[in-house]
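The structure under discussion appears below in the form of C-alpha cells.
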Amino acid sequence: MVEALNTEQTPSIERLRAEVLICGGTGCHSSNSHEVVTAMQNEVARRGLADEVRVVPTGCRGFCSMGPVMMIYPRASSTARCR
C-alpha cells in the first residue's frame with residue numbers, strides 16, 4: 001500500500017482538487033460499492049482528471065444501511081445509496 005502512494009500515478013496533494021471517498025466496508029460492499037469505485041475511477045480518467053481527483057476506497061463510514069456511501073472533499077459533501 002505504501003508503494004502505491006509513492007508512484008507517479010498518484011496525484012500529489014498540491015494538485016488535488018478533490019478526494020472522493022467511497023466506503024468499502026462490508027455493508028457497502030454488499031451493496032456493490034466496488035462497482036461505484038470502478039465507475040468513478042473510469043469517469044475521472046475519461047474526463048482527464050486523474051491528476052486532480054483521487055478516488056479512495058475506505059473502510060466503514062458507519063452508515064451501513066444507507067450504503068454505498070460516498071464523501072467528497074474538500075466540500076465535505078456526502079451521498080448515500082450511490083448507484
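No lab work stands behind these numbers, since they all come straight from the coordinates. Note that the coordinates shown come from a computational prediction; the quantities given were computed from them, not determined experimentally. For neighbour counting, all protein chains shown are included, and Cβ atoms are generated from backbone atoms with ideal geometry for every residue, glycine included.
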**Fill in**
Burial-style ranking of 50-56, 18-24, 32-38, average other-beta-carbon count within 10 Å with highest first, yields 18-24, 32-38, 50-56
**Calculated log₁₀ intensity ratio I(q)/I(0) where the Debye formula runs over C-alpha points of segment 18-79, q = 0.13, 0.17, 0.20, 0.22 Å⁻¹** = -0.31, -0.51, -0.69, -0.82
